[in-house]
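Remarks on the structure that follows.
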Protein chains: 2
Amino acid sequence: MKVLVIGAGAIGGFYGALLAKQGADVSVVCRSNYQQVKQAGLTIDSHCLGQWNFKPTQVLQHVADYQGTADYILLCTKVVPELDRVKLIKNAVKPETSIVFIQNGVEIEQELLATFPENEIVSGLAFICSNRITANTISHLAYGRLTLGNVPGSVSSKTQELANTFNQSGIKCQTTEDIIKARWQKCVWNAPFNPLSVLSDGLFTLDILTSQEAYVRKIMQEVVKIAAATNHPLAPDIIDINVSSTYAMPPYKTSMLLDFEAGRPMETEAILGNAVRAGLRENVPCPYLESIYAMMQLKVLEPLTTASASRHT
Amino acid sequence: MKVLVIGAGAIGGFYGALLAKQGADVSVVCRSNYQQVKQAGLTIDSHCLGQWNFKPTQVLQHVADYQGTADYILLCTKVVPELDRVKLIKNAVKPETSIVFIQNGVEIEQELLATFPENEIVSGLAFICSNRITANTISHLAYGRLTLGNVPGSVSSKTQELANTFNQSGIKCQTTEDIIKARWQKCVWNAPFNPLSVLSDGLFTLDILTSQEAYVRKIMQEVVKIAAATNHPLAPDIIDINVSSTYAMPPYKTSMLLDFEAGRPMETEAILGNAVRAGLRENVPCPYLESIYAMMQLKVLEPLTTASASRHT
């Protein structure tokens, strides 16, 4: 099994290292940490799987330098306007390559389906707490579960094989015939908690929920309605389950908040913008989502004007 | 004309000084700046009326110490849960006292009407840019217009007399039989721009409008609908007028943003909370207002929890 990982960060580095542990031939394309990974590989420090070193077969700066044909490309970057997902993988895609993206957001399939109509496209979701703590050390703190499914909805034997390998490596990987639905499901949680943690200047999930549960539920309800309108109805109790499990889990600092605090681009478009656009397209009113989306845009806006004086209004 | 001003800040100090200039007997209750005002009075530095010193007849720390009977009490504090408006004035209210509040917000009449059913209650709105720049210096930067009206809707001869005195002092003061409507009118502008300037971490009005005009209009539209439901319909072009005049005016830093930056309480309840509660009461859906209101509450929430580790979601 030949695998090329794009984005050797907390997600791609971890999942690539798991496949390598199972004997796969895994190469990586690195951005900022190329030198360190080239020299010493990646060290994974996992709460449940122990510590090990992952030496990629090829460590590359440019995807075009990849030698051979990848059975799977694992695209594991964030989904932000600053990164062109097609460009990131294009030069390594061969007819037999499955394109697997383990990324956040809803309705992020289309550009890959349109650009690579002959390839297997596999959509993946990671439920994981992991951080890159040095240039080439990844700390796996909790969870790790993966969900994979081909788009349009099915599970190919090649996808099943990849899932089996992940399962053998010690993390859970399920497959689904409706990965689009699974994305909407995850969005039910992401749409309120990720942006509200940023807009509140750093509140943890439990504070947001304790203070504004009714409001959080209204945001979730809109995601549920949009998912249904796109023919991916979610379970009737999904909101109750998300609320009660968030009360039960330790106070979370969301990934969007971590990005905001570090001054990195946030996945606002992939999570909120795409949800709002789907709502508009499907004629599902979504004023709560629209409001958060607008405020997230204002939050990162660079002022064009300056006031000559402070004024009362 | 005997006048007692409660809150000798940028608003109360300025309007009190105007009445004193016209020969009224004006006293003030001060909080933080008692010593300085007692000693040297208040200096007004106005862009259009020049500079002058205002020596109040009585400078008081406690309203109960007021000697005599005020014809008018001018209540000019912010409207925030931290300040009990009834308590602030109660000990100086006599049967012949008109209670005039020059304050922001909607539906802020009730507690005064209920507590002082025998008194004239006069609701006032100031359209002014003024700042207290030292303990006893007020800089009047722009505008200054007042609108006054009795509640319930009428204009008493005593209110008209007060308006005449303001007009003679050099600022415009109009009276209206529907001051409640005037409050909703002002709320059309305040509801979007005040909180969005805070939630965006300091954007000026022009940036907010340029980036999110459609969103701003949706917020305004909800205020218009709630006003209509409370039997105070606004002019059909009020939103267009607010939008175009905001494009035309210099970039504004809102009063709520100034309060936020200074760590002072904000008028979130008076402007947003009361509008949302009116919407609920009148069965007018207002998801955009609800969203901003919820986010303003999150913005100032002190976290109850701390995360043991940063986590991805």
> With A:ILE180, A:ILE226, A:ILE219, A:ILE271 as the choices, which residue is buried (at least 20 other Cβ atoms within 10 Å of the Cβ), touching a residue at least 24 places away in the same chain (Cβ under 8 Å) and in contact with a strand residue (DSSP E or B) (Cβ under 8 Å, 6 or more places away or on another chain)?
Replying inline: A:ILE180
>> Condition first: within 13 Å of another protein chain (Cβ to nearest Cβ), over 26 Å from B:ASN131 (Cα atoms) and not in a loop (DSSP other than H, G, I, E, B). Now tell me which residues in region B:243-292 satisfy that.
In response: B:VAL276, B:GLY279, B:LEU280, B:PRO287, B:TYR288, B:LEU289, B:GLU290, B:SER291, B:ILE292
> Which residue pairs have Cβ atoms closer than 7 Å, lie 6 or more positions apart in sequence or on different chains, and pair a first residue in region A:1-20 that is modelled with pLDDT under 95 with a second residue that is among the aromatic types (Phe, Trp, Tyr)?
Replying inline: none
> How many of the residues in region A:144-175 are surrounded by fewer than 18 Cβ atoms within 10 Å (Cβ to Cβ) and of a type in the set (Ser, Thr, Tyr)?
Replying inline: 3
>> Filter region A:132-142 down to the residues that are surrounded by fewer than 18 Cβ atoms within 10 Å (Cβ to Cβ) and within 14 Å of chain B (Cβ to nearest Cβ) and list them by number.
In response: A:ILE133, A:ALA142
> Just checking, how many residues over region B:75-126 are loosely packed, with under 15 Cβ neighbours inside 10 Å and touching a strand residue (DSSP E or B) at 6+ places or on another chain (Cβ under 7 Å)?
Replying inline: 1
>> Just the residues that are at the interface with chain A (Cβ under 7 Å from one of its Cβ atoms) and over 21 Å from A:PRO285 (Cβ atoms), please, taken from region B:197-221.
In response: B:LEU199, B:SER200, B:ASP201, B:LEU203, B:PHE204, B:LEU206, B:ASP207, B:ILE208, B:THR210, B:SER211
> With (1) over 19 Å from the mean Cα position of the chain (by Cα); (2) over 30 Å from B:VAL300 (Cα atoms); (3) not basic (Lys, Arg) as the list, and A:VAL216 as the residue in question, which single condition is left unmet?
Replying inline: (2)
> Can you tell me which residues in region A:146-155 are among the hydrophobic types (A, V, I, L, M, F, W, C) and either assigned to a helix (DSSP H, G or I) or within 17 Å of the chain's Cα centre (by Cα) (or both)?
Replying inline: A:LEU146, A:LEU148, A:VAL151
> Is there any pair with a first residue in region A:183-207 that is within 11 Å of B:LEU298 (Cβ to Cβ) and a second that is aromatic (Phe, Trp, Tyr) and outside any loop (DSSP other than H, G, I, E, B) whose Cβ atoms are under 7 Å apart and which are 6 or more apart or on different chains, and what are they?
Replying inline: A:VAL198/A:PHE260
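Can you name every residue in region A:180-196 that is away from chain B (no Cβ under 11 Å) and over 17 Å from the mean Cα position of the chain (by Cα)? Break it down stepwise before answering.
Kept after step one, since they are away from chain B (no Cβ under 11 Å), are these residues of region A:180-196: A:180-185, A:187-188, A:191.
The answer is none; no residue qualifies.
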> Which one of A:TYR288, A:TYR252 is over 19 Å from the mean Cα position of the chain (by Cα) and surrounded by 18 or more Cβ atoms within 10 Å (Cβ to Cβ)?
Replying inline: A:TYR288
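What number of residues in region B:296-313 are at pLDDT 85 or above, facing another protein chain (nearest Cβ under 7 Å) and in a loop (DSSP other than H, G, I, E, B)? Break it down stepwise before answering.
Residues of region B:296-313 at pLDDT 85 or above: B:296-301.
If we keep only those that are facing another protein chain (nearest Cβ under 7 Å) too, we end up with B:297-299, B:301.
Next cut, in a loop (DSSP other than H, G, I, E, B) only: B:301.
Residues flagged as at pLDDT 85 or above, facing another protein chain (nearest Cβ under 7 Å) and in a loop (DSSP other than H, G, I, E, B) within region B:296-313 amount to 1.
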> Taking into account only those residues within region A:30-54 that are free of Cβ contacts under 8 Å to residues at least 60 places away in the same chain and touching a strand residue (DSSP E or B) at 6+ places or on another chain (Cβ under 8 Å), which is farthest from A:SER130 (Cα to Cα)?
Replying inline: A:LYS38
> When you go through (1) in contact (Cβ under 8 Å) with a residue 12 or more places away in the chain; (2) touching an Asp or Glu at 6+ places or on another chain (Cβ under 7 Å); (3) facing chain B (nearest Cβ under 9 Å) one by one for A:HIS232, which number turns out not to apply?
Replying inline: (3)
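The values are calculated or read from the model by the stated rules, or taken from the named source; none is laboratory data. Computed from a predicted structure; not experimentally measured. Here Cβ is always computed from backbone atoms with ideal geometry, including for glycine, and neighbour counts include all displayed protein chains.
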